[in-house]
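The structure under discussion appears below in the form of structure tokens.
The values are calculated or read from the model by the stated rules, or taken from the named source; none is laboratory data. This one's a predicted model, so the numbers in the text were calculated from it and none came from an experiment. Note that we place each Cβ from the backbone using ideal geometry, even for glycine, and neighbour counts take in every protein chain shown.
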Amino acid sequence: MYTATFTFAAGALDEAFQQLDQRIAEAARAITGYRGEESWENSATGLVSNVYYWDSLEALRQLMDHPAHGLAKQGQAQWLKGYQVVIAQVVRSYGDGGIPHPLAALPPASSPGPGPKADSGRGG
């Protein structure tokens, strides 16, 4: 399991950007191995972060090789004030099920289980 996180400082996000962004999102969703996505905005910094979840690097590579992704890379300077991409391997994902999340339905074999257990306070 992998994530591709695209964090950026928005510049002039015109209609061409919006259309291209939509094409990339649709292309991602059509790739076998796509697990879902999240988007976050930091109100203090104005940075936006889009996180895509993938079953494999091969699935992620399909998006990176898509023509719309290439167009976005070529035009980023006209739309963005800066960006950072992070590709990471997911080691563990868990939660209490109280919120929807792209990885919430991972089978136990793919998610090693919860993190460190809290001390029960019983000592010893």
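Selection within region 1-21: residues that are in contact (Cβ under 8 Å) with a residue 24 or more places away in the chain and assigned to a helix (DSSP H, G or I). The member of this set that is surrounded by the fewest Cβ atoms within 10 Å (Cβ to Cβ) is Ala16.
To keep it simple, each residue is scored yes or no on (1) at pLDDT below 85; (2) surrounded by 13 or more Cβ atoms within 10 Å (Cβ to Cβ); (3) touching a strand residue (DSSP E or B) at 6+ places or on another chain (Cβ under 6 Å).
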{"position": "Gln76", "(1), (2), (3)": "yes, yes, no"}
{"position": "Leu80", "(1), (2), (3)": "no, yes, yes"}
{"position": "Val85", "(1), (2), (3)": "no, no, yes"}
{"position": "Gln89", "(1), (2), (3)": "no, no, yes"}
{"position": "Asp96", "(1), (2), (3)": "no, no, no"}
{"position": "Ile99", "(1), (2), (3)": "no, no, no"}
{"position": "Pro112", "(1), (2), (3)": "yes, no, no"}
{"position": "Pro116", "(1), (2), (3)": "yes, no, no"}
{"position": "Asp119", "(1), (2), (3)": "yes, no, no"}
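The residue pairs whose first member lies in region 85-97 and is closer than 13 Å to Asp55 by Cα, whose second member is assigned to a strand (DSSP E or B), and whose beta carbons are closer than 7 Å, counting only pairs six or more residues apart or on different chains, are Ile87/Tyr2; Ile87/Ala4; Ala88/Tyr2; Ala88/Thr3; Gln89/Tyr2; Val90/Tyr2; Val90/Thr3.
From Thr45, Thr32, which residue is at pLDDT 90 or above, part of a loop (DSSP other than H, G, I, E, B), touching an Asp or Glu at 6+ places or on another chain (Cβ under 9 Å) and exposed (fewer than 15 other Cβ atoms within 10 Å of the Cβ)? Step through it out loud before you land on a result.
On the way: Thr45 fails: touching an Asp or Glu at 6+ places or on another chain (Cβ under 9 Å).
Every option except Thr32 fails the conditions.
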